[in-house]
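Participant: Below: one structure in structure tokens.
The values are calculated or read from the model by the stated rules, or taken from the named source; none is laboratory data. The structure displayed is predicted, hence computed values, not measured ones. Cβ placement follows ideal geometry from the backbone for every residue including glycine, while neighbour counts extend to all protein chains displayed. We work out accessible area using only protein heavy atoms, side chains counted, and drop any ligands, DNA or RNA first. Shrake-Rupley method; radii C 1.70, N 1.55, O 1.52, S 1.80 Å.
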Amino acid sequence: MAKLPKLISRTLSFRLSLRVIAALATLLLVSLLIIFYYSRKTVKEEALLNASQTLEATMQRIDNILLKVEQSSGNIYWKMLPYSHQPEMLKLYTDKLVETTPYITDCTFTWDTDSNTTDSIFTGWINPKNKANAITTFELPLFDGRKKVGVMDVNVSLTLVSKLLLEAKPSPNSFCSLLKSDGTIIVHSDSTALNKNIIELPKVK
């Protein structure tokens, strides 16, 4: 009969040990799950931050290029304005602009006879005019007194901007693309997607 209390004591100790082990295992599992959740959240937030910083830096580089084009075009523009009736002088200045600014593919003139005044003149960036090798055009008006006689179109290289965008990697398996305001793709890692509207591309499942 003396063995019975010992057996009961051992059984209770064993059960108690199992419960302690089970409780510790559950606590460890919960701790690991919490650590995994917050680690994954931290890694995700860091990846998003890095991606955002990469995109911001890329956009800043492109903005700097466009600003350089504006400044260079403006400097040449004011020098050549007095020679608007001398095509050979205009060509001299525009050749100098293209030569000294590597981002510019070419500079052209469009002449008209509209009697527009400075009150209705547009200066700024527009979509390129039949320029397959340009991404956008910086347009400046030409005057004879207050009368607009034409515009100067300064075209920026699509190749250059494409290179900057495609080199940007927000994450290892990602890429950047560039759209026009209407959703048309003008820079994409897949050349078959160019000139298509973003809504025409197959949805990623």
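Participant: What is the percent carbon and sulfur in the accessible area of region 11-85, measuring with a 1.4 Å probe over the protein chains and ignoring ligands?
Facilitator: 66
Participant: Further, regarding this structure: A 28 angstrom limit on the alpha carbon distance is what I want to check against. Which of LYS91/LYS148; LYS41/LYS163; LYS68/LYS163; LYS68/LYS91; LYS41/LYS180 exceed it?
Facilitator: LYS41/LYS163; LYS41/LYS180
Participant: If each residue of separation counts as 0.36 nm, what is the full-extension length gain between SER174 and ASP112 once their alpha-carbon separation is subtracted?
Facilitator: In short, 17.7 nm is gained.
Participant: Okay, moving on. Determine the sum of side-chain charges near MET80: Lys and Arg each +1, Asp and Glu each -1, restricted to other residues whose C-beta is under 12 angstrom from that of MET80.
Facilitator: Around MET80, the surrounding residues sum to +1.
Participant: Using 1/(1 + (r/R0)^6) with R0 = 25 angstrom and r between the beta carbons of GLU99 and ASN127, what's the FRET efficiency to the nearest 0.05?
Facilitator: In this case the efficiency is close to 0.50.
Participant: Another question, if that's okay. With each label point set 7 Å from Cα along the Cα-Cβ vector, what nm distance links ILE199 and HIS85?
Facilitator: 5.2
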